[in-house]
Structures are given as C-alpha cells and as structure tokens.
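What follows is a single structure, written as structure tokens, with notes after it.
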Amino acid sequence: MKIAFIYIAEPYQCYHTASVASELTAMPDCDVTEYYSFPDTVEHLTRIRRILNAPALKLRPLFKSWKAKLLKLAKRLDQERLLVLQDNVEELNRYDAVVATEYTAGILKQMGLNHPRLILLMHGAGDRYVNDEHLVKEFDLTLISGRKVTHDFKQKGLITDQTSRIIGYPKFDVFEAIRKKMAYPFQNQRPFALYNPHYKRNLNSSPVFMKALVKVFNTAHTYNLVVAPHIKQFHKNFAIKKYWLERLHSTKTLVDTGSPAMLDMTYTSQAALYIGDVSSQIYEFMAIPRPCIFLNPQRIKWQDNPNFRHWTMGDVIEDIDALKPAIEQAQARHHLYRPIQEKLF
C-alpha cells in the first residue's frame, strides 16, 4: 500500500502525525512518503525521528506553481494552501491513501482526488469552532483524539461510526522523550508560567493583556514567564509582530517566536501555570494537571458554550486589574478545578 502524508501548513503539524508515519513504514506492506509545504518542516521531522530513534522517511516538497509562490510571498497563506493542494492532485492520485492533519485537505475530493482513500488524522483537541470543519465530511476516515470531539462531530453530522475511530493523541508519542531531552529555559530555578495566546483576532487576548502580563511577571518573584503564541501569528505578517514581541525579552520573560520548543510540548510539559485563551494546547498541558487562567477581554458569554468548555478548568478573568491577584491565587485555587481537568483530559 502506498501512503502519502501531507503537511500543508506550518511545521507544528508534523508533531501530530510523524510517529504514525514511522510506525506504518515499519510494516512490510506499507510504502510511506511525506510531502511538505514549509521547508523548515524537514528540520522538525528529522528532529522527531532522532528523538524516537526512528529511521528517516522519503520526503518530497509539494509542487508550487508560480502563482502559489507569489501568494506565499504576499503572506496570503490560506489562498496559497488551496492552490498548493490543487497543484498536487495528480501527484497524490498515485497513492492508495492520503493522510492529512487539517480540515482544508477535504477539498481535495472536489479538486479531483479520486483514487486514494482520504484520511484525516486530527491535530489538536480544542473546543473552538473552526470555519472549515464542515470539510470533515469529505474524508473517508477521520481519526479523533477522544470522545469529546467524536460526540461533537456526530451531533453536527460530520462523521459516523463507520467513518471515524478514536485513537488517542499521537503527539504524546514524543512527550516523554521530549521531557527527558529538554533544557530548562531560565538560568534561575524559579517555576515559569506559559502564556499561549491564539492567533484568531476575535479571540486573541494578547492585544489587551500582553504588556500588563509581562509587567506583572517582571516585578513578581514567584514565576518567570514564557510567551509562546501560536506560530501562525508570525507567518501572516512581515516580521513586524515578531520584532515587537522580541523587544519584551528580559531575564524573567522569554518570548519564543519560532523555536521547536513552542511546537513540541517542551513548554506545556514544564510550565507550572498556564495562561491563555482558546488554544488547543490547553489539553496538552492537562497531561499533568496544573493551575490555569483564561483571559476574556472580549467579555464573551462563554458559560454553557461547548466552544469554551476548557474555560471550566480555571479562573476566567476579563479585566487587567484582576490579572495579578489571579496569578497569585492560582496555586491555592487549583483544587477547585483539578477534578474537571482530569475528567476533560
């Protein structure tokens, strides 16, 4: 069986599926090739295989027309991704199965993909609604992390028992190996908090809270701070956001704008406190239950909304004045939230 794994977005995708590709390659009847869009994906795949002590796989760049290359230069990455998929339909039709890790690949069927079975191996296990999740219906098989997402997708009519399986969270295949190899990010031995804002503008807490958050941690003595936003924040602008964020660096604050550590669970496995808004990394953080704070500057009415189910796992604050007290009390209040953290995880 010839199987193609396609990484059509940033390198964070490969941490969710590379271990699966390696296991399939070890089977005598499977011939696996990985296709990538971002060149630095190769570096991350090499790193994962080294951590897992697994052999390298066949790698090929996805073909890009001149129009796709122009769209990438213009930072029109959503449009570029669709065009790259169209550019590679003929190549992918040579395979028996195509495995993708984001909903967008569902459009391949409409573009003429007619020979391979199309398989979605989901990345992330978050709660928020994603605009293109309707494309899940286009996949022949959807592999899901757990019952929560399975239930939601069945209620929406996106999957059936015949077109889906619960498989757990393959990104955890590298979790223990990463924990053994990682270096602590600060010279002092104070615990650190992780601030993990999402890139979606209408949900992102950083425009309101970022400077206040850094100020609190630079004057406090309990925690250091790691700021590790979603990597898409840095691929949709011309390095302006990266420049301004990196100016916040200090001995107590580390701003990560692109290292492997922001993708491979180094920070989510080490942090003593999680601060964020809607990133699915909260469920990776919950592998070891710890205190959480969620920021809601938009004053979203989130209670009883399944898109914000994770906000039941910690204090939710709306005002900057509540930030410092919430951080100071997070550890003492964790016992209130630990049972729901363990249940949702």
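Here are the numbers:
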item: Number of positions in segment 44-81 that are open to solvent by 70 Å² or more (accessible area, probe 1.4 Å) and part of a helix (DSSP H, G or I); result: 9
item: Number of the exception - Tyr95 against (1) at pLDDT 95 or above; (2) closer than 30 Å to Ala177 by Cα; result: (2)
item: Among the candidates Ser145, Ser164, Ser205, residue that is open to solvent by 20 Å² or more (accessible area, probe 1.4 Å), of a type in the set (Ser, Thr, Tyr) and at pLDDT 85 or above; result: Ser145
item: Matching option when the condition is open to solvent by less than 10 Å² (accessible area, probe 1.4 Å), at pLDDT 95 or above and either touching a helix residue (DSSP H, G or I) at 6+ places or on another chain (Cβ under 9 Å) or small (Gly, Ala, Ser) (or both), among Ala100, Ala9; result: Ala100
item: From Asp173, Asp152, residue being open to solvent by 20 Å² or more (accessible area, probe 1.4 Å), within 15 Å of His16 (Cβ to Cβ) and in a helix (DSSP H, G or I); result: Asp173
item: Failed condition for Lys215, given (1) farther than 19 Å from Ile320 by Cβ; (2) open to solvent by 20 Å² or more (accessible area, probe 1.4 Å); (3) at pLDDT 85 or above; result: (1)
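Quick grid of which residues meet (1) within 24 Å of the chain's Cα centre (by Cα); (2) at pLDDT below 95:
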site	(1), (2)
Tyr15	yes, yes
Leu24	yes, no
Thr33	yes, no
Phe38	yes, yes
Arg76	yes, yes
Leu113	no, no
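Residue-wise test of (1) out of contact with any Phe, Trp or Tyr (no Cβ under 6 Å at 6 or more places or on another chain); (2) more than 16 Å from Val226 (Cα to Cα); (3) crowded, with 24+ Cβ neighbours inside 10 Å; (4) modelled with pLDDT under 95.
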{"site": "Ile275", "(1), (2), (3), (4)": "no, no, yes, no"}
{"site": "Val278", "(1), (2), (3), (4)": "yes, yes, yes, yes"}
{"site": "Ile288", "(1), (2), (3), (4)": "yes, yes, no, yes"}
{"site": "Pro291", "(1), (2), (3), (4)": "yes, no, yes, no"}
{"site": "Gln298", "(1), (2), (3), (4)": "yes, yes, no, yes"}
{"site": "Thr312", "(1), (2), (3), (4)": "yes, yes, no, no"}
{"site": "Ile317", "(1), (2), (3), (4)": "yes, yes, no, no"}
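The values are calculated or read from the model by the stated rules, or taken from the named source; none is laboratory data. Just so we're clear, the structure is a prediction, and the values are computed from it rather than from any experiment. FYI the Cβ positions are ideal-geometry reconstructions off the backbone, even for glycines, and counts take in every protein chain you see. Surface accessibility is based on the protein's heavy atoms, side chains included, excluding ligands, DNA and RNA. Shrake-Rupley method; radii C 1.70, N 1.55, O 1.52, S 1.80 Å.
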